[in-house]
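No value in this document is a laboratory result; all are computed from the given coordinates. No experiment lies behind these values; they were computed from the predicted model shown. Counting neighbours? That spans all protein chains shown, and the Cβs are built from the backbone with ideal geometry, glycine included.
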Amino acid sequence: MVTIESLSAIYSGKKVFITGHTGFKGAWLMALLHTLGASVKGYALPPSYADGLFDSLAPLKMGESEFGDIRNRDQISASLCSYQPDFVFHLAAQPLVRSSYEKPTETFDINVTGTASVLEAVHRLSGPCTVVVVTTDKVYHNKEQHILYREDDPLGGYDPYSASKACSEILVEAFRSSFFNPTEIDRHHKCIATARAGNVIGGGDWSKDRIVPDIVRSLQANQTIEVRNPKAVRPWQHVLEPLLGYLSLAARLKLAPFEYSKAYNFGPQPEDHLTVRELVETAIDAWGLGNWQDASNQDQPHEAGLLKLSIERAIQELKWKPKLQAAEAIRWTIEWYKQPHQHRSNFTINQIHEYLSL
């Protein structure tokens with residue numbers, strides 16, 4: 001079982017480099033690593049929205065921060081090489097399906113070329129380094145059937161975002177074979193794996209066209225929540241669930257590169273996949289008031305209606321498993337948004353401690 005003691009033993013005093021630390025998941029990861037005693041440096045564009053988790057945590061001074069584009073090869077290389085991290089977690093991305101329809105070329109550029117820039121910079125590091133590249137559950141060729149996708153299933157992607165992340169997986173495999181081959185670890189001292197997480201929720205996300213921020217904005221304004229795909233099924237999970245998985249993966253990868261240099265899914269238990277409608281109604285119940293209406297539109301961009309993940313590999317090999325049921329994850333998320341702005345940083349740390357104690 002993964003414990004706070006075992007993770008602290010791995011990460012306390014270690015240097016960890018995070019791309020995308022100004023985003024939702026990146027800011028939570030920075031806070032989690034700070035709690036475990038790591039020295040953290042983040043590299044990302046400035047926050048894309050105000051009042052998010054990164055801004056809320058700023059007073060706690062959790063690590064170094066450098067603003068830059070991952071496609072800027074010289075800057076990302078200089079940043080990495082000057083820091084000489086023990087671990088790299090690559091989260092920076094264009095993460096939105098609907099935005100990928102509006103900016104497909106930019107989506108591929110950021111998610112594929114940007115990832116190549118980061119891995120090329122890792123290749124230039126003089127010291128050993130363990131790398132986890134975060135992609136998505138949407139990398140699979142989705143047949144929209146009631147099946148649990150496993151890590152060895154075919155990759156694909158209907159929309160530009162999903163396809164770009166599938167391309168990133170192929171890119172990682174190429175870098176692993178060419179530069180970070182586990183059979184030659186004694187020569188290059190680098191190892192790399194990918195992490196595919198389901199739909200992540202939690203406090204501090206204000207992204208456009210994401211269901212939880214849309215819910216909260218409507219509730220705060222006392223407006224009816226408009227729901228695009230109420231029947232869609234997703235593997236919802238609190239953000240701390242996959243982040244603990246990423247840390248567990250990196251810890252084992254460092255110790256046994258040949259065994260763990262591959263992809264891992266992180267999501268809820270199979271019985272805990274919820275429809276969007278169930279998510280919305282649970283959120284309204286946690287908020288204490290509100291209502292919603294079906295805003296489905298046949299002319300809107302395609303989004304998958306059914307997606308489920310198998311997490312057996314992570315359970316069996318990493319000894320990781322979800323701690324929160326989906327309903328609990330939704331309530332934890334809504335409680336964060338109900339906090340006054342000045343209390344959110346401490347509330348975040350308290351949620352991390354409570355989660356790690358489960």
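A few remarks follow.
- Since only G203, T224, C191 are under comparison, the one whose Cα sits farthest along the positive direction of the charge dipole of region 190-237, derived from C-beta charges on Lys, Arg, Asp and Glu, is C191.
- Option label - volume of the Cα convex hull per residue in Å³ computed here, alternatives (1) 122; (2) 143; (3) 134: (1)
- For T130, T22, order by how many other beta-carbon atoms lie within 10 Å, fewest first: T22, T130
- Anisotropy class of region 70-168 from Cα gyration tensor, a/c 1.5 cut: oblate
- Projecting the Cα atoms of T282, Y246, V97 onto the charge dipole of the chain, computed from C-beta unit charges around the Cα centre, puts Y246 farthest toward the positive end.
- Our note on the geometry: Cα centres of region 281-298 and region 99-162, 31 Å apart.
- Prolate/oblate/rounded label for region 251-352 (Cα gyration tensor, a/c 1.5): oblate
- Residue exposure sequence - E5, E241, E354 - by fewest surrounding Cβ within 10 Å: E5, E354, E241
- Rounded to 5, the percent of DSSP beta bridges in the chain classed as antiparallel: 10 percent
- Longest DSSP-loop-exposure-free segment, trypsin sites (Lys or Arg not before Pro), the chain, at most 14 other Cβ within 10 Å: 232-318
- T183 paired with E120, simple spin-label distance in nm, labels 7 Å along Cα-to-beta-carbon: 2.7 nm
- Efficiency of FRET from Cβ geometry, K143 and N346, R₀ 45 Å, rounded to 0.05: 0.50
- For the chain, size of Cβ-based charge dipole, Lys and Arg +1, Asp and Glu -1, in debye: 600 debye
- Global geometry of region 115-158, whether rounded, prolate or oblate, following the gyration tensor of its Cα atoms and the 1.5 cut on a/c: prolate
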